[in-house]
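Read-outs throughout are calculated quantities, based only on the coordinates presented, and are distinct from any laboratory measurement. Please read these numbers as outputs of a predicted model, since none were measured by experiment.
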Amino acid sequence: MFKFASLLAFLSVLPSISYAQSQVYGQCGGIQWGGPTTCVSGSVCTYVNDYYSQCLPGSATSSTSTRSTTSSTSTRTTTSTTTTGTGPTSTPAAGNPFVGYDVFLNPYYAAEVKAAAAAMTDSSLAAKAASVANIPSFFWLDTVSKVPTLGTFLSNATALQTSSGKKQIVPIVVYDLPDRDCAAKASNGEFSIANGGQANYYNYIDQIVAQIKQYPNVRVVAVIEPDSLANLVTNLNVAKCANAQTTYKTCVTYALQQLASVGVYMYMDAGHAGWLGWPANIQPAASLFASMYKSANSSPFVRGLATNVANYNALSAASPDPITQGNSNYDELHYIQALGPMLASAGFPAQFVVDQGRSGQQNLRNQWGDWCNIKGAGFGTRPTTSTPSSLIDAIVWVKPGGESDGTSNSSSPRFDSTCSLSDATQPAPEAGTWFQTYFETLVSKANPSL
Ligand code: RCB
C-alpha cells in the first residue's frame, strides 16, 4: 500500500518536474492540468478545448490549415463521413503501418515501471525491471480524463521525431464504451447506456480526434475497444450485453469513421483463440468483424484485428496446453490463420497484431476462460514486425504488464469472481492500477529473459 501510494505521488508530480515552462507544442492548461501554464519564449499558450491548451509557435493563427482551434462540434460535422481524398491522411501508405516507424515509448507506463523498479530491493531484479521502460506498450484511454495526456504524448512524439529524424508511431487503446465489459465486472467503465452513454462516447471520440488533428506529422495506431465485439459474438445471453448490442455497434462505427478521418490505423479487438477461435464462434465472429469494416466504409485505415489483448495465450505453442483440448486453434497463430481467410471471403482483407506482453510462460491456467492476473505469468516476446505469418503485421504489448486485470476484493463494486479463482494472483488491486508483486513476477519469469 505504501509503495503504491508513493508511486501515485511520484506520477502526479511528473508533469511539473519535467519542465518549468511548457515546451513548444507542450500542454499549458486545461481541466485537470497540473503542469506549467506558461510557454517557452517564441510560443504562445493557445486554447484548444476545455481540456487542453497548447504552446504554439508564434501566433496560433499563422499555423497550417490542419491545426484547428475550433470546437470539436464543428469538427465532427465536417468529418462524419468518409474522406474525399483531399487531406494528407485520406490515403494510407500501403502495407504494414509499423514498418519504417519507431514505436513511441509510452511515458505513462515508463513512469510506472521506473517507480516500480526503484521500489525493489533486489538490485539485479530492479535492473531487469527498469529495462521494461524501454519496451513499447499501448497507452489505454480508458477514461475521457486521459485524453489530454494523449496530446502531451503526441507533442513529445512530434518533438522526438524532429530531433531524432526517426518517424514515430504512437500506440493507443480506445476503451471507453458505455456499459463496458458487459459480460464481466472487473473493467466496467465510466459511461452507462441508460445515462447518456452514447453521447458521452461520441464526445470522448471527438476529443481524441481533436488531439490527433494537432499533430499530423506523427502516426497513430489504435486497438479498438477490447472485448466489446467478442462479447456480442458469445454473450448475448447476458442481459447487459444484449442491451448493449446496438449501442456498441453504433459507437464502434463512430470511432472507426472518425479516427479513419484523421488517419489512425486501427485494429478491432478480436478476443483470442480460446474465445472466438472455437468452431461455434469463429464464423459468426468473421461475419461481425466484416460487417463492422463495411460500416466504416471499408476504410483502409481499418487495417484489421488485434488478438490476445490482455490475455495469456502463446502465439505459437510448442505443444497445445491441455486446457485447449477440443479446439484445433490452440494458439493465436492457428486462430489467425483460420480467421484471416474467413474475413477475406467476407470482404475484409484483415491483417493482425497479437499481444504477447504476458505470454512468456505457458500452461498456467486451470481453464482457458480464466483471464485475471494469472499466477506465474512472465513478459513475453518483445514487440516486433518480424512475425511467423504474412497475416501478422506485428507482435505487440497491448496490456501494460504490471497493471491489474481486476480486483480480488469481494466488496468492490467491480469485483469479478474470476479474480479470486485459484489461478489468479491475490490480493489484487482494481483493474488498470499498478500491481507491484504481479509486475515482479512478470519480470522474473520473462521469456525471453530480460
Ligand atoms: C473475457 O472473458 C471466454 O471464452 C467457449 O465455449 C465453448 N467445446 C472477460 O469477459 C474467454 O476465454 C465460449 O463460447 C464452446 O466444444 C473480459 O473481462 C474469456 O477470455 C467462450 O466465450 C464449446 O468444448 C477479459 O478482459 C472471456 C469462452 C466448447 C477478457 O476475457 C469469456 O469468454 C470459452 O468457451 C468449449 C480477456 O481475454 C467471455 O465470456 C472458454 O474456453 C467451450
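Quick look at the numbers
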{"read-out": "Orientation-averaged projected area, Cα convex hull of the range 254-402 (nm²)", "value": "8.7"}
{"read-out": "Relative contact order of the range 307-366, pairs being alpha-carbon contacts under 8 Å that are 6 or more residues apart, as %", "value": "51"}
{"read-out": "Taking only Cα atoms of the range 339-450, radius of gyration then Dmax in Å", "value": "16.1, 47"}
{"read-out": "Cα pair distances in the range 216-335, grouped into 5 Å bins until the bin that holds the longest one, percent each", "value": "2, 11, 20, 21, 18, 14, 8, 4, 1, 0"}
